[in-house]
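Participant: Quick one: the structure is below, questions incoming.
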Amino acid sequence: MGNNMATYNKYKSFLFFIRKFKVTEPVSPQDLEEAFSKFTGGGSHMSADELHRFLVEHQGEEDYTLLDSEKVVEKVLKERKRCQESVKVDQNREHEITLDELFRFLLHDDSNGPLKAEVHHDMGAPLSHYFIYTGHNSYLTGNQLSSDCSEEPIIKALKRGVRVIELDLWPTYNKHDIKVDHGWTLTNPASVIKCLESIKEYGFVASQYPVIITIEDHLTTDLRAKFAEMATQIFGEMLFYPGTDCSCLTEFPSPESLKNRVIISTKPPKERFKSNRIKDNPMLNESDSSEEETWGNESPDSNKNEVETEDTNGSDRDEGNVSACECDHKPYQECSPDYKHIITIHNTKLKGCMKDKLKTDGEVRRLSWSEKTLEKASESHGTDILRFTQKNILRVYPSAMRVKSSNFKPHIGWMYGAQMVACNMQGLGKSLWLMQGMFRANGGCGYVKKPQFLMEKHQCDNEFDPTRIQSVKKKTLKVKVYMGHGWSSDFSPTHFDKCSPPDFYTKVRIVGMPADVAKKKTKVMMDDWFPVWDEEFEFSLIVPELALLLIQVKDKDPGKDDFAGQTCLPVSELKHGFRSVPLYNKKGEKFKSVKLLMRFQFE
């Protein structure tokens, strides 16, 4: 059993009365006591060999060696010495650990987290085989209409492992230089050089795998050439492009082959065009300025189920397309070949009906759709979308109506194989937590291999509907929430309640395919900084590959419950056994001390 040292919190109440609340440090749960007894043969101490068997057989740490277990014991013993425990230890047991010491190790140690810290997916497949951590309007500090543009959000995103950075490039007022700005809004521009230099400096701090820059291009021909020169000078050998004729690229390179490289994605500019085709306002020229598919102007023999796309205001409508300033009153202009040839991933849309737009023959390419466009297209073209994303790249971005930088549920893109589900990293909320949770997988490298069922071939008459997927073998996930700790260290005594300790409870949710969605919650532990719930929940899963475990802790209040921490974990990557689960704030920043002790089991 662990130490049970009781202290007291004092809170002022009405009429100056002082209320005392007993504070009891948590002790090891009964399940851990039973496991300890099993692996020690009923003994009071655990040797390095017994610990090794416990870690391998109970915790599923198959890669642990006896030497690793000896290092854990050594680490625990150093902590014992540092704490100068007064408890005398038998000399014959001085190289073994107690139940209480094992409990504290499992509860506190970062090495006992719920996920693998290393990259472990196959990274040798084409880029189209991966979900990629993608940002939307990566330069914005706040809302989509009036916030500042800066390199700082780009730096933050890269430090968190984001791999796709979006830049909107516009001419400055005198048209002699380039700025990064959210066009047709009140946002303040940022320096393109600072943005590129920030990508170079911080691009590979969190991950070695490639950084993709998606460009919304509103530049003149001369400024495109200037940008190409900037990019090549700043990135040097870091900038990857496949050569002078990248139009023949029939398969994307792999993340493994692009380690520590930067690649650019946008729509290649037209070689020649007539100026009288360009109107003064690019928003009026639907065929040239809209990045989304203009499906409302189909030919009479087009599919009747085609969908109209939404209007956009500024963002994403013109990624790589011709803009009004490019005309410059000249009958013809030639595009800089240097700019065209540094583009590795072409954002290209085809004309015709929906099936034609999603053709997969020939060179690989990228499409960019809004969340609403994908929702409408998926109603009748699910198989075509899936087939497209098996070889090509689909980027899905938030609706233009999300002016406060909120986000949509990313599963609407992932379930159809969309690789770049773009997220406003400054937009707080559950959708952002889900995005962060998905990309905690695979060592947090920003690339997650798509599940096999999204890569299987489907015949035209076999319409793909991800909401009706039937697994041959369902999985049952058992989640046990034992206890939590750390709030008393990271928060003031009156942060949650003025007159008493907090009343914590935990919400556990599965987010994924519709059939897998489920919600559970623990009882409320009243007036306790160290809540012990000791409750287990079961979740039956059809598609665990896309399931996320969303965990929230809240303080129960008469009105709105107070937020006390959250985390989101990819179900398919959960490690078995007793796990120390760190919690994060609303922005996704890890608390210094707050953790839960949980257990995960699959059946």
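The values are calculated or read from the model by the stated rules, or taken from the named source; none is laboratory data. Here the structure is a predicted model, which means the values were calculated and not measured. Glycine gets a Cβ as well: all are built from the backbone with ideal geometry, and neighbour counts include every protein chain shown. All accessible areas refer to the heavy atoms of the entire protein, side chains included, with ligands and DNA or RNA removed. Shrake-Rupley method; radii C 1.70, N 1.55, O 1.52, S 1.80 Å.
Participant: For the range 175-189, indicate whether the set of residues that are of a type in the set (Gly, Ala, Ser), surrounded by fewer than 24 Cβ atoms within 10 Å (Cβ to Cβ) and modelled with pLDDT of 95 or more is non-empty. Walk me through it before giving the result.
Facilitator: Looking only at the range 175-189, we keep the residues that are of a type in the set (Gly, Ala, Ser), and these are 183.
Remaining after also requiring surrounded by fewer than 24 Cβ atoms within 10 Å (Cβ to Cβ): 183.
Among the residues that remain, those that are also modelled with pLDDT of 95 or more are: none.
Checked against the condition, which is being of a type in the set (Gly, Ala, Ser), surrounded by fewer than 24 Cβ atoms within 10 Å (Cβ to Cβ) and modelled with pLDDT of 95 or more, the range 175-189 yields no hits at all.
Participant: Which residue is least open to solvent (accessible area, probe 1.4 Å), if the candidates are limited to the range 539-548 and must be more than 12 Å from residue 509 (Cα to Cα) and in a loop (DSSP other than H, G, I, E, B)?
Facilitator: Selected residue: 543.
Participant: Which residue is surrounded by the most Cβ atoms within 10 Å (Cβ to Cβ), if the candidates are limited to the range 471-517 and must be β-branched (Val, Ile, Thr) and out of contact with any strand residue (DSSP E or B) (no Cβ under 7 Å at 6 or more places or on another chain)?
Facilitator: 494
Participant: Here is a check on your reading of the model: is residue 138 in contact (Cβ under 8 Å) with a residue 12 or more places away in the chain, surrounded by fewer than 24 Cβ atoms within 10 Å (Cβ to Cβ) and not in a strand (DSSP E or B)?
Facilitator: no
Participant: Of everything in the range 118-150, what is over 23 Å from residue 437 (Cβ atoms) and in contact with a strand residue (DSSP E or B) (Cβ under 6 Å, 6 or more places away or on another chain)? Give them in sequence order.
Facilitator: Step one: filter the range 118-150 for residues over 23 Å from residue 437 (Cβ atoms), giving 124, 126, 139, 141-150.
The answer is 139, 141, 147, 148, 149, 150.
Participant: Within the range 236-243, does at least one residue satisfy the condition of being assigned by the TED database to the domain that holds residue 166, surrounded by fewer than 17 Cβ atoms within 10 Å (Cβ to Cβ) and closer than 24 Å to residue 151 by Cα?
Facilitator: Yes, there is a match, as at least one residue in the range 236-243 is assigned by the TED database to the domain that holds residue 166, surrounded by fewer than 17 Cβ atoms within 10 Å (Cβ to Cβ) and closer than 24 Å to residue 151 by Cα.
Participant: If we scan the range 468-489, do we find a residue that is in a loop (DSSP other than H, G, I, E, B), touching a Leu at 6+ places or on another chain (Cβ under 7 Å) and closer than 19 Å to residue 133 by Cα?
Facilitator: No, because not a single residue in the range 468-489 is in a loop (DSSP other than H, G, I, E, B), touching a Leu at 6+ places or on another chain (Cβ under 7 Å) and closer than 19 Å to residue 133 by Cα.
Participant: Tell me, which helices (runs of 4 or more DSSP H) wholly within the range 1-114 include 1 or more residues that are under 28 Å from residue 529 (Cβ atoms), modelled with pLDDT under 75 and open to solvent by 30 Å² or more (accessible area, probe 1.4 Å)?
Facilitator: Values: elements: 30-40, 48-53, 66-83, 99-108.
Filter on the range 1-114 gives 66-83.
Participant: So, in the range 371-428, exactly how many residues are closer than 19 Å to residue 546 by Cα and of a type outside the set (A, V, I, L, M, F, W, C)? Steps first, answer last, please.
Facilitator: Going residue by residue through the range 371-428, those that are closer than 19 Å to residue 546 by Cα are 371, 374-375, 378, 382-383, 385-387, 389-390, 393-396, 407-423.
Filter once more, keeping what is of a type outside the set (A, V, I, L, M, F, W, C): 371, 375, 378, 382-383, 387, 389-390, 395, 407, 409-411, 413, 416-417, 419.
The qualifying residues number 17.
Participant: Taking residue 399, is it in contact (Cβ under 8 Å) with a residue 40 or more places away in the chain and either open to solvent by 20 Å² or more (accessible area, probe 1.4 Å) or closer than 21 Å to residue 429 by Cα (or both)?
Facilitator: Taking the combined requirement at face value, the residue satisfies it.
Participant: Now for a different question. Hey, among 47, 69, which residue is out of contact with any Ser or Thr (no Cβ under 6 Å at 6 or more places or on another chain), small (Gly, Ala, Ser) and either touching a residue at least 60 places away in the same chain (Cβ under 8 Å) or farther than 20 Å from residue 110 by Cβ (or both)?
Facilitator: 47
Participant: How many of the residues in the range 549-603 are out of contact with any strand residue (DSSP E or B) (no Cβ under 8 Å at 6 or more places or on another chain), touching a residue at least 40 places away in the same chain (Cβ under 8 Å), closer than 29 Å to residue 156 by Cα and not in a strand (DSSP E or B)?
Facilitator: 4
Participant: (1) open to solvent by less than 10 Å² (accessible area, probe 1.4 Å); (2) out of contact with any Gly (no Cβ under 9 Å at 6 or more places or on another chain): which one isn't true of residue 379, the others all being true?
Facilitator: (1)
Participant: Just checking, does the range 327-342 include any residue being modelled with pLDDT of 85 or more and of a type in the set (Lys, Arg)?
Facilitator: yes
Participant: Would you check which residues across the range 417-432 are within 9 Å of the chain's Cα centre (by Cα) and surrounded by fewer than 22 Cβ atoms within 10 Å (Cβ to Cβ) and list them?
Facilitator: If the condition is that a residue be within 9 Å of the chain's Cα centre (by Cα) and surrounded by fewer than 22 Cβ atoms within 10 Å (Cβ to Cβ), then no residue fits.
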